[in-house]
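Following: one structure in structure tokens, then a few remarks.
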Amino acid sequence: MIFYKTLNNWYSNNKRELPWRKTANPYYIWLSEIILQQTQVAQGLPYYSAFVAEFPSVFDLANASESQVLKLWQGLGYYSRARNLHATAKYVANELNGKFPDNYKDLLKLKGVGDYTASAIASICFNEVAAVVDGNVYRVLSRYFGIDTPINTTKGNKEFKALAQELIDKKDPATFNQAIMEFGAMHCKPKNPNCDTCPFINSCIAYNKSEVENLPVKLKANKAKVKHFNFLVILSDDNQTVLEQRQGKGIWQNLYQFPLVETKNEVGFTEMKSLAETHQLLKDRSFELSLYNKESIVHKLSHQHLHTKFWIVKLEDELKSGVSIASVTDYAVPILIGNFIEAFNF
DNA sequence: AAATCGGGGCC
DNA sequence: GGCCCAGATTT
């Protein structure tokens with residue numbers, strides 16, 4: 001049996017109904033693919049619906065402000081995706097008259113579009129024979145063919161890309177790409193795959209060598225670094241607070257946060273008091289300091305564990321350059337800040 | 001080639 | 001607590 005025939009048969013009987021499967025419009029396919037990068041369908045789905053509703057066309061997205069795009073993206077993570085999404089929308093709307101590139105090579109030039117996304121759009125929208133390789137594809141192929149090359153290496157990427165390009169249904173690349181990903185997500189799962197009912201049970205090398213749970217092979221990630229974040233939640237006499245936009249290179253670029261004091265170690269009240277007294281915003285001002293959360297909130301990211309304290313700074317006078325407390329929910333903030341805003345009774 | 005970039009779900 | 005997710009970009 002030819003690989004893609006078995007796969008397509010499974011897909012036709014088991015695929016989910018998803019909104020981006022009802023269209024081949026490159027704007028909607030592109031939008032869904034960016035949202036779904038490193039993101040499970042269940043998590044991305046409500047964001048896709050919100051973006052389609054708010055920005056029905058690439059021109060609507062292009063005409064929005066970046067802050068509006070980031071606000072709608074809030075909570076989804078990997079915020080460079082949102083910034084690149086907006087930049088690409090402006091490029092397509094203004095330089096390409098709203099028409100997306102119609103082939104892999106040109107799609108690859110768009111900001112935020114790499115090998116996977118260019119292949120997905122080219123195949124789904126334009127029937128180009130370009131195989132996708134995502135986490136699902138790595139898992140399905142490494143198991144079926146018993147390949148133990150680490151997937152997060154250049155060698156592994158090239159090997160699996162070439163293999164997928166051999167296996168793809170040249171007559172219907174769009175269906176093949178979506179089918180192999182759906183099969184990986186729903187059937188050939190990372191944990192507890194459904195081998196008992198698998199249509200590939202007779203030919204899957206990993207199954208027949210009892211190696212399913214050992215594949216794919218992936219080089220271990222480095223341990224996350226611990227950081228200590230202290231946020232100054234300033235409350236003025238005239239119901240204002242201070243939010244600052246994050247600049248520079250690191251996490252949460254262009255999102256808003258309360259003024260941040262990062263420290264080498266966890267700090268207590270006395271140490272924070274003296275840090276606050278010398279802070280640019282609070283110098284020569286009279287305030288009362290209190291700690292919102294006695295135990296640090298540990299916010300875990302892939303490469304950082306943020307031990308976080310929210311310090312309440314009650315000002316005895318007014319604040320000239322703040323924002324009104326009522327408006328804090330208008331700003332795009334990291335979920336760590338958003339959770340605090342929701343829980344804190346302003 | 002290795003590190004970085006989020007947040008949620010599963011075990 | 002570790003691993004994974006319809007990866008891309010920077011270092």
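The values are calculated or read from the model by the stated rules, or taken from the named source; none is laboratory data. Note that the coordinates shown come from a computational prediction; the quantities given were computed from them, not determined experimentally. Using ideal geometry, Cβ is built from the backbone for each residue, glycine included, and neighbour counts are taken over all protein chains shown. Calculation scope for accessible area: heavy atoms of the full protein, side chains included, ligands and nucleic acids excluded. Shrake-Rupley method; radii C 1.70, N 1.55, O 1.52, S 1.80 Å.
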Inset, instruction - Give the residues of the stretch A:330-345 that are open to solvent by 60 Å² or more (accessible area, probe 1.4 Å) and free of Cβ contacts under 8 Å to residues at least 60 places away in the same chain, sorted by residue number. - result: A:Asn339, A:Glu342, A:Ala343, A:Asn345
Legend entry - Failed item in (1) over 21 Å from A:Thr329 (Cβ atoms); (2) in contact with a helix residue (DSSP H, G or I) (Cβ under 7 Å, 6 or more places away or on another chain), with A:Ala224 passing the rest: (2)
Legend entry - Answer from A:Ser80, A:Ser142, A:Ser119 - the residue that is within 18 Å of the chain's Cα centre (by Cα) and within 13 Å of DNA strand C (Cβ to nearest atom): A:Ser80
Inset, instruction - Would you tally the residues in the stretch A:278-329 being of a type outside the set (Ser, Thr, Tyr) and open to solvent by 40 Å² or more (accessible area, probe 1.4 Å)? - result: 22
Legend entry - Within the stretch A:135-159, tally of residues that are of a type in the set (D, E, K, R), open to solvent by less than 30 Å² (accessible area, probe 1.4 Å) and not in a helix (DSSP H, G or I): 0
Legend entry - Only listed residue being surrounded by 10 or more Cβ atoms within 10 Å (Cβ to Cβ), away from DNA strand B (no atom under 14 Å from the Cβ) and among the basic types (Lys, Arg), chosen from A:Lys225, A:Lys273: A:Lys273
Inset, instruction - Please indicate, with yes or no, whether at least one residue in the stretch A:237-254 is among the aromatic types (Phe, Trp, Tyr) and in contact (Cβ under 8 Å) with a residue 60 or more places away in the chain. - result: yes
Inset, instruction - Exactly one condition in (1) free of Cβ contacts under 8 Å to residues at least 60 places away in the same chain; (2) under 26 Å from A:Tyr4 (Cα atoms); (3) within 16 Å of DNA strand B (Cβ to nearest atom) is not met by A:Lys22; state its number. - result: (3)
Legend entry - Qualifying positions in the stretch A:83-99 - within 16 Å of DNA strand C (Cβ to nearest atom) and either among the charged types (D, E, K, R) or more than 27 Å from A:Ala42 (Cβ to Cβ) (or both): A:Arg83, A:Ala87, A:Lys90, A:Tyr91, A:Val92
Inset, instruction - Restrict the check to the stretch A:231-248 and report whether at least one residue is surrounded by fewer than 20 Cβ atoms within 10 Å (Cβ to Cβ), under 28 Å from A:Ala82 (Cα atoms), small (Gly, Ala, Ser) and not assigned by TED's automatic domain parsing to the domain that holds A:Leu301. - result: no
Legend entry - Members of the stretch A:88-147 found to be out of contact with any Cys (no Cβ under 9 Å at 6 or more places or on another chain) and on the phi > 0 side of the Ramachandran plot, listed by number: A:Asn97, A:Gly98, A:Gly112, A:Asn127
Inset, instruction - Find the strands (runs of 3 or more DSSP E) located wholly in the stretch A:261-346 whose residues include 3 or more that are within 16 Å of DNA strand C (Cβ to nearest atom), and list them. - result: A:297-300, A:304-315
Legend entry - Exclusive hit being exposed (fewer than 15 other Cβ atoms within 10 Å of the Cβ) and at pLDDT 95 or above, set A:Pro190, A:Pro199, A:Pro216: A:Pro190
Legend entry - Test result for A:Ala82, open to solvent by less than 60 Å² (accessible area, probe 1.4 Å) and away from DNA strand B (no atom under 15 Å from the Cβ): no
Inset, instruction - Consider only pairs whose beta carbons are under 9 Å apart and that are at least six residues apart or on different chains; among these, list those whose first residue lies in the stretch A:187-208 and is part of a helix (DSSP H, G or I) and whose second residue is within 15 Å of DNA strand B (Cβ to nearest atom) and open to solvent by 90 Å² or more (accessible area, probe 1.4 Å). - result: A:Ala206/A:Glu213
Legend entry - Top-ranked residue in the stretch A:50-73 [being of a type in the set (Ser, Thr, Tyr) and more than 16 Å from DNA strand B (Cβ to nearest atom); ranked as surrounded by the fewest Cβ atoms within 10 Å (Cβ to Cβ)]: A:Ser65
